[in-house]
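Engineer: The structure follows.
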Amino acid sequence: GAKIDKVIISKLENNTFFAKLIVSVDSRVEEIDARPSDSIAIAIRAKAPIFAEEEVLKNISNSTE
């Protein structure tokens, strides 16, 4: 009975990404820590949007320069 609302790539630490699944269960919204690869695969199957925190995007940009 849960619905995947979105996935957020929430952090980049020591070249490791972290993610959260945002899930609606009845009238509650739950955040679940999960591996980014699994989270992205779930989001694609559920047709849920995938977001990244601005800080993550900045860190990626800085590491490729």
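Engineer: Which lysines, if any, have their Cα less than 23 Å from the Cα of Lys47, not counting same-chain residues under 8 positions apart?
Structural biologist: Leaving aside lysines fewer than 8 places away in the same chain, those within reach of Lys47 are Lys3, Lys6, Lys11, Lys20.
Engineer: Can you tell me, using C-alpha contacts under 8 Å and at least 6 residues apart, the relative contact order of the chain as a whole percent?
Structural biologist: Over the chain, the number comes to 35 percent.
Engineer: Ok, one more. Using a 1.4 angstrom probe, figure out how much accessible area the chain has per residue, in square angstrom, rounded to the nearest whole.
Structural biologist: 74
Engineer: Set the Förster distance to 25 Å, then compute FRET efficiency between Ser37 and Lys58 from the Cβ-Cβ distance, nearest 0.05.
Structural biologist: Once the sixth-power term is evaluated, E becomes 0.70.
Engineer: Here is a follow-up. How far, in degrees from 0 to 90, does helix 36-46 lean away from the longest principal axis of the Cα atoms of the chain, to the nearest 10?
Structural biologist: With rounding to tens, the tilt is 40 degrees.
Engineer: Could you give the angle, 0 to 90 degrees to the nearest 10, between helix 54-63's Cα long axis and the longest principal axis of the Cα atoms of the chain?
Structural biologist: Once rounded, the angle reads 30 degrees.
Engineer: Also, quick follow-up: Please list the non-local residues whose amide H lies under 5 Å from the amide H of Lys6, H modeled 1.01 Å from N, same-chain partners needing a gap of 5 or more.
Structural biologist: Ile22
Engineer: What is the gain in length, in nm to one decimal, between Lys11 and Arg45 on full extension, counting 0.36 nm per residue of separation less the C-alpha to C-alpha distance?
Structural biologist: 10.0 nm
Engineer: Just one of [x] 25, 11, 9; [y] 33, 14, 10; [z] 20, 15, 11 is semi-axes √(5λ) of the Cα gyration tensor in Å as worked out from the coordinates here. Which one is it?
Structural biologist: From the options [x] 25, 11, 9; [y] 33, 14, 10; [z] 20, 15, 11, the structure gives [x].
The values are calculated or read from the model by the stated rules, or taken from the named source; none is laboratory data. These numbers were taken from a predicted model, which means no experiment stands behind them. Here Cβ is always computed from backbone atoms with ideal geometry, including for glycine, and neighbour counts include all displayed protein chains. Surface accessibility is based on the protein's heavy atoms, side chains included, excluding ligands, DNA and RNA. Shrake-Rupley method; radii C 1.70, N 1.55, O 1.52, S 1.80 Å.
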